[in-house]
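Enquirer: One structure, as structure tokens, below. Some questions next.
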Amino acid sequence: MVKVKVPATTANIGPGFDCLGMALELFNIIEVEEIKTGLEIIIPDKDKKYIENDENNLVYQSMKSLFDKVDCHPKGLRITLMNNIPLTRGLGSSAACIAGGMTAANELIGKPLTNSEIIFLAAKMDGHPDNVLPALIGGLTVGCLLENEVKYVKIDLPSQLKILVLIPNFHFPTKKARSILPKSLPFEDAVFNLSRLGLLVSSLMTDNFDNLPIALQDKIHQPYRKDFIPHWEEITSKLLEFGSRGYFISGAGPSIVGFLDKDYEKVRNKTVEFLSKYEENWEVEILNVSNSGLEVINSERSNERY
């Protein structure tokens, strides 16, 4: 039996559309074991109406892609999912399925692929590296998907920097979030994002958190997606007032994320109190950055191959 622990991620960080992501200390657990025949997928009751329990399941699809890659297919599988990452909230639930499924599959059949090969296979399946990459290796990652590999840099952020996460009770499917984006951008908008992305990464690397409110600005996706988040302007202005070092839409949304470097519980309490006046229910969490990423916590292959 193989058991992996895979973190949530926040991606599209500010101007870092499809390239900049970060792992968070909120984890899903995936257990996989080989059985004599068939496919069994065990899902928590609360998630059964959202997650397929057949061959369309994303964890299974991710495992199958790796089995196909190396031409090694177990006779049967039992997959048990323990989910803590909210679904379709922009916190990398799909990337956790891909990263966790591929890693579990690789462990189950004797690790035929290297970590670099899994990173590429996962990024290719997801379409971009900004979620699967930090899920696999942790920290803040900058990644570029090439034809046959992913080039990336991992940055371990200081422990004082914590992540304020506002998770609403409504969904925003990634497919819909993609469909509303423009097909092209003005030249000046591209320059705007490039300058902010450089400022953002360098500021995080040098602990220059005063730059973050400007460095997190974006003209590629946030202007188009923010209208689907009720009270966006009021909420984000309050986050800065309460002490957040900046804010951004997490992934495709609708969760909102802010950076904190002090007064963590004070900021959280003020945020909870402010959000309570709206009809939408918001869960507010303070999470650490997961600098270690995915962890294999059990890897015992059966001596018998069915």
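Enquirer: How about the range 222-282: which helices (runs of 4 or more DSSP H) wholly inside it have at least 3 residues that are over 12 Å from PHE172 (Cβ atoms) and hydroxyl-bearing (Ser, Thr, Tyr)? Before the answer, list the steps.
Expert: Numbers: elements: 222-225, 232-242, 264-275.
In the range 222-282, no matching helices (runs of 4 or more DSSP H) lie anywhere.
Enquirer: Name the single residue, out of those in the range 91-116 being part of a loop (DSSP other than H, G, I, E, B) and of a type in the set (Val, Ile, Thr), that is surrounded by the most Cβ atoms within 10 Å (Cβ to Cβ).
Expert: Applying the first criterion (part of a loop (DSSP other than H, G, I, E, B)) to the range 91-116 yields 91-92, 109-114.
Now restrict to residues that are of a type in the set (Val, Ile, Thr): 109, 114.
Details: ILE109: 19, THR114: 10.
Looking at the filtered set, the residue picked out is ILE109.
Enquirer: Can you tell me which of (1) within 26 Å of VAL272 (Cβ to Cβ); (2) crowded, with 21+ Cβ neighbours inside 10 Å; (3) not small (Gly, Ala, Ser) is the one PHE242 doesn't meet?
Expert: Tallying (1) within 26 Å of VAL272 (Cβ to Cβ); (2) crowded, with 21+ Cβ neighbours inside 10 Å; (3) not small (Gly, Ala, Ser), PHE242 fails exactly one: (2).
Enquirer: Pairs under 9 Å by beta carbon, first residue under 12 Å from ALA96 (Cα atoms) and modelled with pLDDT of 95 or more in the range 122-145, partner of a type in the set (Lys, Arg) and surrounded by 22 or more Cβ atoms within 10 Å (Cβ to Cβ), six or more apart or different chains?
Expert: Correct list of pairs: empty, since none qualify.
Enquirer: Does THR88 count as assigned to a loop (DSSP other than H, G, I, E, B), farther than 25 Å from GLY198 by Cα, touching a residue at least 12 places away in the same chain (Cβ under 8 Å) and β-branched (Val, Ile, Thr)?
Expert: Details: assigned to a loop (DSSP other than H, G, I, E, B): yes; farther than 25 Å from GLY198 by Cα: yes; touching a residue at least 12 places away in the same chain (Cβ under 8 Å): yes; β-branched (Val, Ile, Thr): yes.
When the stated conditions are applied, THR88 passes them.
Enquirer: Among the numbered criteria (1) more than 25 Å from MET205 (Cα to Cα); (2) in contact (Cβ under 8 Å) with a residue 24 or more places away in the chain, which single criterion is violated by GLU273?
Expert: (2)
Enquirer: Just checking: which of the strands (runs of 3 or more DSSP E) contained wholly in the range 1-57 hold 3 or more residues that are assigned by TED's automatic domain parsing to the domain that holds HIS128, touching a Pro at 6+ places or on another chain (Cβ under 7 Å) and crowded, with 18+ Cβ neighbours inside 10 Å?
Expert: On the way: elements: 2-11, 20-35, 38-42.
Those strands (runs of 3 or more DSSP E) span 20-35.
Enquirer: Please work out which residue is nearest to the chain's Cα centre (by Cα), limiting yourself to the range 257-284 and to residues that are surrounded by 14 or more Cβ atoms within 10 Å (Cβ to Cβ) and acidic (Asp, Glu). Full working, then the answer.
Expert: In the first step, residues of the range 257-284 are kept if they are surrounded by 14 or more Cβ atoms within 10 Å (Cβ to Cβ); the result is 257-261, 264, 267-268, 270-271, 274-275, 282-284.
Right, trim to acidic (Asp, Glu) and you get 261, 283.
Values: ASP261: 21, GLU283: 17 Å.
Result: GLU283.
Residues checked against (1) closer than 30 Å to ARG245 by Cβ; (2) β-branched (Val, Ile, Thr); (3) modelled with pLDDT under 95:
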| site | (1), (2), (3) |
| --- | --- |
| ASN28 | yes, no, no |
| GLY38 | no, no, no |
| LYS46 | no, no, yes |
| ASP71 | no, no, no |
| GLY92 | yes, no, no |
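Enquirer: Which condition breaks for VAL150 when tested against (1) touching a residue at least 40 places away in the same chain (Cβ under 8 Å); (2) at negative phi; (3) buried (at least 20 other Cβ atoms within 10 Å of the Cβ)?
Expert: (1)
Enquirer: Separate question: Let me confirm something: among SER244, SER250, which residue is modelled with pLDDT of 95 or more and closer than 24 Å to LEU181 by Cβ? Don't jump to the end; show me each part of the working.
Expert: On the way: SER244 fails: closer than 24 Å to LEU181 by Cβ.
Answer to the selection: SER250.
Enquirer: So is THR80 in a loop (DSSP other than H, G, I, E, B) and out of contact with any Gly (no Cβ under 6 Å at 6 or more places or on another chain) or not? Outline the logic, then answer.
Expert: Working: in a loop (DSSP other than H, G, I, E, B): no; out of contact with any Gly (no Cβ under 6 Å at 6 or more places or on another chain): yes.
No; evaluated as a whole, the condition is false for this residue.
Enquirer: How many residues does the range 248-270 hold that are free of Cβ contacts under 8 Å to residues at least 60 places away in the same chain and farther than 21 Å from SER159 by Cβ? Step through it out loud before you land on a result.
Expert: At the first step, the residues of the range 248-270 found to be free of Cβ contacts under 8 Å to residues at least 60 places away in the same chain are 263, 265-266, 269-270.
Now drop any that are not farther than 21 Å from SER159 by Cβ, which leaves 269-270.
Number satisfying all stated conditions: 2.
The values are calculated or read from the model by the stated rules, or taken from the named source; none is laboratory data. Since this is a predicted model, take the numbers as computed values, not measurements. FYI the Cβ positions are ideal-geometry reconstructions off the backbone, even for glycines, and counts take in every protein chain you see.
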